[in-house]
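To keep things clear, I will list the structure first and then write my remarks on it.
The values are calculated or read from the model by the stated rules, or taken from the named source; none is laboratory data. Given the structure is predicted, the values throughout are model-derived calculations rather than measurements. Surface areas here come from the heavy atoms of the whole protein model, side chains and all, with no ligands, DNA or RNA. Shrake-Rupley method; radii C 1.70, N 1.55, O 1.52, S 1.80 Å.
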Amino acid sequence: MELDQRALEIFKAIRCVDGESVNTTIEFLDSKCAREQRKLVRKLIRLGFNNNQIYSELNRLYGQHCLVRIYTKDDSDKQFFEAFVAPVLIGFPLLFLVKKFVLKR
């Protein structure tokens, strides 16, 4: 039962890519394309894919426009920014100001 709930959650986040109902999710749509997409999602769930992997696979097969929301593969860019870029951007100017104004006295 949990897999069905998970599948329904994923269906709500995927647009049908046929020309007629491009702004409709595949959750309750009865077109051939929507049935195909639902079948693929269920298969990927059975194979053990997590939600982000399923979204990535659908993005690869159907293009980014099939996703209602845009998902990233992981948060490595955010982690890189938090761990490296932000301290550098804040740290160096702070060191410069300390050196210039505090150490000159």
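Given the criteria of a type outside the set (Phe, Trp, Tyr), modelled with pLDDT of 70 or more and either within 22 Å of Gln5 (Cα to Cα) or open to solvent by 40 Å² or more (accessible area, probe 1.4 Å) (or both), does Gly48 qualify? Judged against the criteria, Gly48 is a match. Within region 1-21, the set of residues being within 13 Å of Leu67 (Cα to Cα) and open to solvent by 60 Å² or more (accessible area, probe 1.4 Å) comprises Glu9, Lys12, Arg15.
Inspect region 63-71 for any residue being part of a helix (DSSP H, G or I), closer than 22 Å to Leu3 by Cα and modelled with pLDDT of 70 or more and give the result as yes or no. Among the residues of region 63-71, at least one is part of a helix (DSSP H, G or I), closer than 22 Å to Leu3 by Cα and modelled with pLDDT of 70 or more, which makes the answer yes.
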